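Colleague: One structure, as structure tokens, below. Some questions next.
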Amino acid sequence: MPLDELQINHLARLARLELTEDEKKKYSEQISQILDYFEQLKGIDTAGIAPLTHVSEQNNVFREDEVKQIFSEDRVLAEAPEIVRRQVKVKLVLDNKERKKSLEDDLLE
């Protein structure tokens, strides 16, 4: 099931990748091989086979969470570089322009 250039361009846009023509050809072939493999898997009769929730039979080996106070609130606040109303102020990750552009891009897809 070969992918055409329009489909590869769409996938690249979704992944926010800028691909060269060589990369588009390479990824088209690789993704097509993956999709062909899934087509083969669709042909396997799985009737009567219980679905797996995990690859191994291993049970949960995690311990129960225990609530502990390692540092006092005052100590944490004392170590913070900047405090506003007893909260640690952190650097802005996305400014409003970047956030708005990201939301607009998602809506266009």
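Colleague: Counting only residues that are of a type in the set (Ser, Thr, Tyr) and more than 26 Å from the chain's Cα centre (by Cα), which one in the range 43-79 is nearest to Val90 (Cα to Cα)?
Modeller: Quick first cut of the range 43-79, residues of a type in the set (Ser, Thr, Tyr) only: 46, 53, 56, 72.
Among the residues that remain, those that are also more than 26 Å from the chain's Cα centre (by Cα) are: 46, 72.
On the way: Thr46: 52, Ser72: 20 Å.
My answer is Ser72.
Colleague: Working only within the range 35-71, note down all residues that are surrounded by 10 or more Cβ atoms within 10 Å (Cβ to Cβ) and aliphatic (A, V, I, L, M).
Modeller: Within the range 35-71, just Leu35 meets the criteria.
Colleague: For the structure I just gave you, tell me whether Glu98 is at pLDDT 85 or above and loosely packed, with under 12 Cβ neighbours inside 10 Å.
Modeller: Taking the combined requirement at face value, the residue does not satisfy it.
Colleague: Applying the selection to the range 1-26, what residues are surrounded by fewer than 10 Cβ atoms within 10 Å (Cβ to Cβ) and among the β-branched types (Val, Ile, Thr)?
Modeller: Passing the criteria: only Thr20.
Colleague: For the range 72-84, give me the residue count where each residue is exposed (fewer than 10 other Cβ atoms within 10 Å of the Cβ) and assigned to a loop (DSSP other than H, G, I, E, B).
Modeller: Of the residues in that region, 3 qualify.
Colleague: Just to be sure before I move on: is Leu41 assigned to a loop (DSSP other than H, G, I, E, B) and at pLDDT 90 or above in the structure I sent? Write out each step before concluding.
Modeller: On the way: assigned to a loop (DSSP other than H, G, I, E, B): no; at pLDDT 90 or above: yes.
In short, no.
The values are calculated or read from the model by the stated rules, or taken from the named source; none is laboratory data. Keep in mind that this is a model prediction, so the values were computed, not measured. Glycine also receives a Cβ, built like all others from the backbone with ideal geometry; neighbour counts cover every protein chain displayed.
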